[in-house]
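What follows is a set of notes on a single structure, which appears directly below.
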Amino acid sequence: LMSIPTSKPTDPFAQYVFHAKLEYMKEWRNKFSIKAGFDFTNNEAAGALRYNKMNWSMNPDSSWNLSQSVIPSYRSYEGFVEFQYSPGSRIVIDRLGQPTAFAIEKDAPTIRLTHYVGYLDDRHNGGDGFVYNRTEVLFDKRFWFSAFGHLDLRVQTGMVWQKVPFTKLFIPESSTSILLAQRAFNLMKPMEFITDEYVALYATYFFKGWILNRIPGINKLKLRGIVSFSGIYGGLSKKNNPYLETGSG
């Protein structure tokens with residue numbers, strides 16, 4: 001059902017992506033863990049998507065001139081380290097035999113700090129190549145309100161520290177399905193909102209029958225009320241806005 005869209009995209013944006021990843025994770029008994037790894041990605045534009053490099057040059061009259069050059073593909077080499085404290089998580093084996101972190105104790109918080117250091121290589125297409133840094137912080141916890149239900153809350157923030165292509169910025173998860181997707185924005189189109197610094201809030205309140213159980217007739221249906229809210233605030237700084245003279249990424 002999640003594959004049934006509410007609307008057809010007007011521009012078929014697509015990418016051919018080759019992705020290889022190697023990671024190592026160490027977890028201690030106090031549920032503090034460290035994960036480190038390396039990513040290699042090759043991105044190639046497809047469909048209506050284009051990688052255009054914005055080139056600013058100064059005219060003799062001190063005015064700025066903007067030109068564009070097409071970059072068909074690029075490669076990125078990325079290393080990352082992640083620190084996480086999650087006292088309510090357990091490593092379980094799924095049906096495919098893969099170890100998966102599963103939060104058994106929902107009341108316990110999860111705090112995560114992730115930092116990425118990457119090198120984007122576009123020299124084979126006339127680029128210069130450069131190093132970039134990206135940081136993300138996450139807080140996740142369930143709050144109980146006795147017989148009034150509980151609240152699942154997640155707060156997430158991140159920042160890109162250097163000038164990067166738009167594919168390396170933060171692109172919020174969107175969903176065009178007829179069903180609601182958890183921690184995705186159902187009223188947002190793919191790639192509609194891109195940012196290099198953001199704060200996101202995801203909240204879902206479960207009433208546990210606190211309201212519907214008190215309505216005669218409705219209480220026999222055993223229905224439960226749920227209210228959810230997803231919001232994100234962010235934007236592009238000057239270094240990553242291609243239409244400003246100070247940002248030519």
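The values are calculated or read from the model by the stated rules, or taken from the named source; none is laboratory data. Predicted, not measured: the structure shown is a model, and the values here were computed from it. Cβ atoms come from the backbone with ideal geometry, glycine included; neighbour counts cover every protein chain shown. Note: accessible area is taken over every heavy atom of the protein model, side chains too, but ligands, DNA and RNA are not part of it. Shrake-Rupley method; radii C 1.70, N 1.55, O 1.52, S 1.80 Å.
In the list L22, L49, which residue meets the criterion of being closer than 26 Å to R112 by Cβ and not acidic (D, E)? Even if it seems obvious, please write down each step before you answer.
Working: L49 fails: closer than 26 Å to R112 by Cβ.
Criteria check complete, one pass: L22.
Give the residues of segment 174-209 that are assigned to a loop (DSSP other than H, G, I, E, B), under 16 Å from the mean Cα position of the chain (by Cα), surrounded by 14 or more Cβ atoms within 10 Å (Cβ to Cβ) and without any contact (Cβ under 8 Å) to a residue 60 or more places away in the chain, sorted by residue number.
Once the filter is applied, which keeps residues that are assigned to a loop (DSSP other than H, G, I, E, B), under 16 Å from the mean Cα position of the chain (by Cα), surrounded by 14 or more Cβ atoms within 10 Å (Cβ to Cβ) and without any contact (Cβ under 8 Å) to a residue 60 or more places away in the chain, segment 174-209 yields R183, A184, N186, M188, F193, I194, D196.
Of the conditions (1) surrounded by 16 or more Cβ atoms within 10 Å (Cβ to Cβ); (2) not in a loop (DSSP other than H, G, I, E, B), Y233 fails just one. Which one is it?
(1)
Say whether the condition of being modelled with pLDDT under 85, farther than 27 Å from T6 by Cβ and more than 14 Å from the chain's Cα centre (by Cα) is met by at least one residue in segment 133-145.
Looking only at segment 133-145, we keep the residues that are modelled with pLDDT under 85, and these are none.
The answer is no, given that none of the residues of segment 133-145 is modelled with pLDDT under 85, farther than 27 Å from T6 by Cβ and more than 14 Å from the chain's Cα centre (by Cα).
Whether any residue in segment 210-223 is open to solvent by less than 40 Å² (accessible area, probe 1.4 Å) and free of Cβ contacts under 8 Å to residues at least 60 places away in the same chain is what I want to check.
Of segment 210-223, the ones open to solvent by less than 40 Å² (accessible area, probe 1.4 Å) are none.
Checking segment 210-223: not a single residue is open to solvent by less than 40 Å² (accessible area, probe 1.4 Å) and free of Cβ contacts under 8 Å to residues at least 60 places away in the same chain.
Without any contact (Cβ under 8 Å) to a residue 60 or more places away in the chain, open to solvent by 50 Å² or more (accessible area, probe 1.4 Å), farther than 30 Å from I171 by Cβ and β-branched (V, I, T), is that true of I226? Walk me through how you get there before you give the answer.
Working: without any contact (Cβ under 8 Å) to a residue 60 or more places away in the chain: yes; open to solvent by 50 Å² or more (accessible area, probe 1.4 Å): yes; farther than 30 Å from I171 by Cβ: no; β-branched (V, I, T): yes.
Against the criterion (without any contact (Cβ under 8 Å) to a residue 60 or more places away in the chain, open to solvent by 50 Å² or more (accessible area, probe 1.4 Å), farther than 30 Å from I171 by Cβ and β-branched (V, I, T)), I226 does not qualify.
What is the residue count in segment 35-52 for residues that are touching a residue at least 40 places away in the same chain (Cβ under 8 Å) and either of a type in the set (D, E) or open to solvent by less than 50 Å² (accessible area, probe 1.4 Å) (or both)?
Matching residues across segment 35-52 total 6.
Could you tell me which residue of segment 127-154 is least open to solvent (accessible area, probe 1.4 Å), considering only residues that are in a helix (DSSP H, G or I) and of a type in the set (A, V, I, L, M, F, W, C)?
Applying the filter and picking the extreme gives A147.
Among the residues of segment 155-168, is any in a strand (DSSP E or B), open to solvent by less than 50 Å² (accessible area, probe 1.4 Å) and more than 27 Å from S76 (Cα to Cα)?
no
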